[in-house]
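Here's the structure, in C-alpha cells; my notes come after.
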C-alpha cells in the first residue's frame, strides 16, 4: 500500500486537504476492502488499488470544499462514493448513504463497521421511496442520472436552503436548458485524473423544509 499512500498524500496536498494519519489510514483501508469485495461482487469497474486512489478517493474528495451544513445524503451511493470518503474527512457532519442495490448496501454497511465511522449510515431504498423526518443540507450524487431527473427525485429530501451537488464527467448544456433552479457549474480538478470533471451546484428555489410527521 506504500504506492497508494504516496499517490493519496500527493493528491491531498494538491487539493489542500490536510488530513490526520488516522483519516489517511481509513481511506486506504476503504479501498483495500473495496478491492477485496470487488472480486466477488463486481462493485466497480476500477480494479487496481492505485487507480482507486485517484478515481474513487481523490475524485470524491475534490468536492469536499463545496459541502455545506451538517446533514448530508449521498444518493445512489453505490460502493459508498463519494459518501464514505467525505464522511471520513468530515467527522462532525452526519451522512446518510442511500442505494437500491442490496449487494452494494451490504458492502457499504461492512465498510462503515470496519472503518468505525460513527457519522455514517446506509439505507437500502429507492430515492423516491425514502421519506426522512428531516431534510438534508447537502445532497450529493455521482454518475446517478440527468439533472432534471436528479432534481425531480430529490426535491423532497432537501432542507430549506439546501443544495444538490451533482458530480458530472462532462458538461452537457442540454441538461441545463429550461431549469428554473439556481445552477452553478464548477470545474473540478482531480489530481492524477486527466478526464474532464464538473460539479453542478443546484440551489433549489422555493423548497420547503421537511418536518417530522
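Based only on other Cβ atoms within 10 Å, what is the fewest-to-most ordering of 105, 40, 141, 77? All intermediate terms of the calculation are to be shown ahead of the outcome.
Details: 105 21, 40 9, 141 24, 77 27.
Ordered by Cβ neighbours within 10 Å, fewest first: 40, 105, 141, 77.
Potential lengthening of the chain between residue 118 and residue 106 amounts to 2.6 nm, from the contour at 0.36 nm per residue minus the alpha-carbon distance. By the beta-carbon count within 10 Å of each Cβ, the least crowded to most crowded order of 95, 144, fewest first, is 144, 95. In the chain, the DSSP-assigned H stretches of four residues or longer account for a calculated mean residue ellipticity at 222 nm of -10000 deg cm²/dmol, using -39500 (n - 2.57) per stretch and the full residue count as denominator. What is the helix-to-structure angle for 102-115, meaning the angle in degrees between its Cα long axis and the longest Cα principal axis of the chain, kept from 0 to 90 and rounded to the nearest 10? The angle comes out at about 60 degrees. For segment 108-169, the relative contact order works out to 36 percent when only alpha carbon pairs closer than 8 Å and six or more residues apart are counted. If you line up the long axis of helix 2-14 against the longest principal axis of the chain, both from Cα atoms, how many degrees apart are they, to the nearest 10? Taking Cα atoms only, the helix is inclined about 40 degrees.
A simple spin-label model places the labels of residue 176 and residue 146 1.7 nm from each other, with each point 7 Å out along Cα-to-Cβ. If you take the square roots of the eigenvalues of the alpha-carbon gyration tensor of segment 1-132 and sort them as a ≥ b ≥ c, do you get rounded (a/c under 1.5), prolate (a/b over b/c) or oblate? Note, shape of segment 1-132 comes out oblate.
Helix 21-41 and the longest principal axis of the C-alpha atoms of the chain enclose an angle of approximately 90°.
Of all DSSP beta bridges located in the chain, what percent are antiparallel, nearest 5? Working shown, then result.
Values: 12 of 32 bridges.
Here the share of antiparallel DSSP bridges comes out near 40 percent.
Based on the alpha-carbon gyration tensor of segment 1-49 and its eigenvalue square roots a ≥ b ≥ c, which shape applies: rounded if a/c is under 1.5, prolate if not and a/b is larger than b/c, or oblate? Don't skip to the answer; put the middle values down first.
Values: a/c = 2.56, a/b = 2.08, b/c = 1.23.
Because a/c hits 1.5 or more and a/b exceeds b/c, segment 1-49 counts as prolate.
Quick one: grab the alpha carbon gyration tensor of segment 66-213, order the square roots of its eigenvalues as a ≥ b ≥ c, and give me rounded if a/c is under 1.5, else prolate or oblate depending on whether a/b is larger than b/c. Oblate shape, in that a/c is at least 1.5 and b/c is the bigger or equal ratio. For the pair segment 7-36 and segment 78-102, the centres of their Cα atoms are 15 angstrom apart. For the options 200, 22, 53, a Gaussian network treatment of the chain with springs between C-alpha atoms closer than 10 Å singles out 22 as fluctuating the most.
Cβ crowding within 10 Å, taken as a proxy for footprinting-reagent exposure, orders 51, 137, 99, 74 from fewest neighbours to most as 51, 137, 99, 74. Rounded to 0.05, the FRET efficiency of the residue 9 and residue 131 pair, given R0 = 35 Å and the Cβ-Cβ distance, is 0.25.
All of the numbers you see were taken from the coordinates with simple rules; none came from a lab. Bear in mind the structure is a predicted one, so any value in this text is a computation, not a measurement. Positions of Cβ are generated from backbone atoms using ideal geometry, with glycine treated the same way; all protein chains shown enter the neighbour counts.
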